[in-house]
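The values are calculated or read from the model by the stated rules, or taken from the named source; none is laboratory data. These figures come from a predicted structure and were not determined experimentally. Virtual Cβ from ideal backbone geometry, glycine too; neighbours counted across all protein chains shown.
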Amino acid sequence: MTELTAFALAVATGIVTAGLTSSFYRLVTNRPLSFSLLAASVPEVVTGVATLVFAGPMVIMRNAVRARVLEQRPLVWLALSASISVFWAFMSGVFVMSLILAR
């Protein structure tokens, strides 16, 4: 397996993990996950942070696309957000794959 294939597989695993985690959070709480957890109680903050560890790429891209469409942010803003999201998805994908492949 080449390095590029391994990178793509890790990113895909991270994006799938982020999507599943974000969708599960929305299913349970009936609200979208966000980075603003300051006004919540302590158990909600702990649960939100634990969820954001894996769902962060989806939150970043959702916010970036909404900012591009609604606020007319520049395309560079969307590209930078996508690069941050891909790196985060890569890191969480490597973690999830290492958990799955551990013996």
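Residue-level analysis places Asn63 outside the set of residues that are among the polar types (S, T, N, Q) and over 22 Å from Gly93 (Cα atoms). Report every pair of residues separated by at least 6 positions or lying on different chains whose Cβ atoms are under 8 Å apart, first residue within region 47-72 and of a type in the set (Phe, Trp, Tyr), second in a helix (DSSP H, G or I). Sorted first by the residue in region 47-72, then by its partner, the pairs are Phe54/Thr17; Phe54/Ala18; Phe54/Thr21; Phe54/Ser92; Phe54/Val96.
Taking every residue in region 16-31 that is in contact (Cβ under 8 Å) with a residue 12 or more places away in the chain and pairing it with any residue that is surrounded by 13 or more Cβ atoms within 10 Å (Cβ to Cβ) and charged (D, E, K, R), at least 6 positions away or on another chain, the pairs with Cβ-Cβ distances below 9 Å are Ser22/Arg62.
Leu75 - would you say it is at pLDDT 95 or above, surrounded by fewer than 16 Cβ atoms within 10 Å (Cβ to Cβ) and over 25 Å from Thr5 (Cβ atoms)?
Working: at pLDDT 95 or above: no; surrounded by fewer than 16 Cβ atoms within 10 Å (Cβ to Cβ): yes; over 25 Å from Thr5 (Cβ atoms): yes.
Considered against the rule, which asks whether it is at pLDDT 95 or above, surrounded by fewer than 16 Cβ atoms within 10 Å (Cβ to Cβ) and over 25 Å from Thr5 (Cβ atoms), Leu75 comes out as no.
Checked against the criterion of being among the charged types (D, E, K, R) and surrounded by 14 or more Cβ atoms within 10 Å (Cβ to Cβ), region 38-60 contains not a single residue that satisfies it. Checked against (1) under 14 Å from the mean Cα position of the chain (by Cα); (2) surrounded by fewer than 16 Cβ atoms within 10 Å (Cβ to Cβ); (3) at pLDDT below 95, Val16 passes all but a single condition, namely (3).
Taken together, the residues in region 33-51 that are under 17 Å from Asn63 (Cβ atoms) and at pLDDT below 85 amount to 7.
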